[in-house]
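The values are calculated or read from the model by the stated rules, or taken from the named source; none is laboratory data. Remember, predicted model here, so these are calculated numbers, not experimental data. Quick reminder, even Gly has a Cβ in these numbers, built from the backbone with ideal geometry, and neighbours come from all protein chains shown. Note: accessible area is taken over every heavy atom of the protein model, side chains too, but ligands, DNA and RNA are not part of it. Shrake-Rupley method; radii C 1.70, N 1.55, O 1.52, S 1.80 Å.
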Amino acid sequence: MNTELHDRRGFLKQSVLTSLAGLVGTDIVFAENMPKNYVPLALDEGLKGKHADMIVLSDKPWNVETPPHLLNDAVTPIDRMFIRNNGLVPEEKIDPNTWTLTIKGESVKAPKTYKLSDLKSKFKTYTYQLVLECGGNGRSGFVPQTSGNQWDQGAVSCAEWTGVRLKDILNDVGLKEDAVYIGYYGKDLHPSRDASKVVISRGVPIKKALEDETLIAWAVNGQEIPMMHGFPLRLVVGGWPASVSGKWLHTIAVRNKEHDGAKMDGHSYRIPRQPIQPGEKLAETPENYQIIESMPVRSLITSPQSGAMIDFGKTLTIGGHTWAGDLAVKELHVSIDYGATWQKASLQTPKNRLAWQQWSAQIQFPKKGYYEVWARATDSQGASQPMVIPAWNPGGYLNNTCHRIAVKVVG
Ligand SMILES: Nc1nc2c(c(=O)[nH]1)N[C@H]1C(S)=C(S)[C@@H](COP(=O)(O)O)O[C@H]1N2
Ligand SMILES: [Mo]
């Protein structure tokens, strides 16, 4: 269940105000003046250290989105990383000194358990910039609306993760010939607080698990992973729905069949194998639904912020990031005339495989007035972003439509 903090007009809900008054121990004077999306300090447990302009979609569990203009850095700072929790953050005190990672499952020769210090000392350490994008990024664009967090375009980050390669660990453990999939288990709590229920336990085929960039990470941007992002250990799998990057990681199962953990079934992180009509009901069988793997090509305009005012006659530099799941982005074009004509942007190569790429373009406007700037990326296999909302699906996944911003040219 998502608990929206604000009503439609952007005011804090009465229920929130009441619990807030309870927490603070008195009435909140001038509560009606709190700006939209303002998160009162008394409620900021999950938002510690986050940028004040992050957008809270729900607080139980925490789901927090980043507005595009806050994503302008090549490496996303921690205070701007979106948060997507399916359950409740672990409540027990986590001691990294006693934390262990167990590798087990049908397809290991024998289960093995490592302390965090073993991982750090036994294996070579790697650092990669990796795009983590929620499979539901863009969900709010679908009509009819689907259930789930109504992400706009900001459920994405590209931070610098440090840890060991999962393949080095699996090599050390020893796999059987029949290994085809891995599944993760984390320490978060089911929203019901029923300890016997698993919140989410997803995974990837063994081929993706064994890629160089698939990390068991203990650091992000050079520091300990913050609680909200999986302290003290997390699986990081770039380019695929970020739901496969398990937080608060304690166990990985190596499976001799497709992993059958929580949220691997139904329409969770799956799309219809055949296109369906918007709103159409489709029986949720594996015959009808396929698991989402590599994410589709996408881009963001992170500068300027939508709504920018530009002086007539000045050249506007616009820019942002672009990424394409397992692939690289080949080119990016921008349009200021609703897609009638396109101008090629300059595009950088990624820092490493599965990192996003920076792009920029110089734009001149022919006259004063209102414009929309669109960005459209094309991946290395020739697939481009659609200019309208793509294939509707019951989970509201994979809306990679072009990002656009509004610009006013004045003078
Ligand atoms: N243990 C655990 N891992 C998890 C989740 C979760 O709820 N529990 N959410 C997943 C989903 S759906 C996403 S999009 C990413 C979000 O990572 P972030 O919150 O660090 O940005 O974490 C993934 N890993
Ligand atoms: Mo997600």
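Using C-alpha pairs below 8 Å separated by at least 6 residues, the relative contact order for the stretch 96-211 is 24 percent.
Rounded if a/c is under 1.5, else prolate if a/b is larger than b/c, else oblate: which is the stretch 100-291, with a ≥ b ≥ c the root eigenvalues of its Cα gyration tensor? Since a/c reaches 1.5 and a/b is larger than b/c, the shape of the stretch 100-291 is classed as prolate. If the chain linking Ala383 and Ser117 were pulled fully straight, counting 0.36 nm for each residue of separation and taking away their Cα-Cα distance, it would gain 91.4 nm. Solvent exposure of Arg273, expressed as accessible area, is near 110 Å², computed with a probe of 1.4 Å over the protein chains only.
Return the loop-located chymotrypsin sites (Phe, Trp or Tyr not before Pro) in the stretch 224-322 (DSSP other than H, G, I, E, B) with at most 16 other Cβ atoms within 10 Å of their own Cβ; answer none if there are none.
Phe312
Each residue of the stretch 136-141 was assigned a 3J(HN,Hα) from its phi angle through the Karplus expression (A = 6.51, B = -1.76, C = 1.60, θ = phi - 60°), giving x, 4, x, 3, 5, x Hz with x at Gly and Pro. On the basis of the beta-carbon distance and an R0 of 51 Å, Glu372 and Glu293 show a calculated FRET efficiency of 0.95.
Take each peptide in 120-128, 220-228, 151-159, count the other Cβ atoms within 10 Å of every residue, and average; sorted highest first, the result is 151-159, 220-228, 120-128.
Short-range pairs are left out: with C-alpha atoms under 8 Å and at least six residues apart, the relative contact order of the stretch 100-291 is 26 percent. Remark: relative contact order (the chain) = 16 percent; criterion is Cα-Cα distance under 8 angstrom and separation of 6 or more residues.
Under the convention that each Lys and Arg Cβ holds +1 and each Asp and Glu Cβ holds -1, the size of the dipole of the chain around its Cα centre is about 460 debye.
Extending 7 Å from the Cα toward the beta-carbon at both Glu32 and Thr285 defines two label points whose distance is 5.7 nm.
With both partners inside the stretch 298-410, how many of the DSSP beta bridges are antiparallel, as a percent to the nearest 5?
90
Which loop-located trypsin sites (Lys or Arg not before Pro) does the stretch 294-359 contain, where loop means any DSSP state but H, G, I, E or B and the Cβ has at most 15 other Cβ atoms within 10 Å?
Lys314
Subtracting the Cα-Cα distance of Gln348 and Thr102 from their residue separation scaled by 0.36 nm leaves 84.6 nm.
Taken about its Cα centre, the stretch 298-410 carries a charge dipole of roughly 180 debye when the Cβ of each Lys and Arg holds +1 and the Cβ of each Asp and Glu holds -1. For the stretch 169-255, the normalised intensity computed at q = 0.15, 0.18, 0.27 Å⁻¹ comes to -0.58, -0.81, -1.42 (log10 of I(q)/I(0), Debye sum over alpha carbons, equal scatterers, no solvent).
Treating each Cα of the stretch 194-317 as one equal point scatterer and applying the Debye formula with no solvent, the log10 of I(q)/I(0) at q = 0.10, 0.16, 0.17, 0.20 Å⁻¹ comes out as -0.49, -0.94, -1.01, -1.20.
Please say if the stretch 316-411 is rounded, prolate or oblate, where rounded means a/c under 1.5 for a ≥ b ≥ c the square roots of the C-alpha gyration tensor eigenvalues, and otherwise the choice is prolate for a/b larger than b/c and oblate otherwise? Because a/c hits 1.5 or more and a/b fails to exceed b/c, the stretch 316-411 counts as oblate.
Only one residue of Pro390, His267, His250 has its Cα farthest out toward the positive end of the dipole of the chain, where Lys and Arg carry +1 and Asp and Glu -1 on Cβ, and that residue is Pro390.
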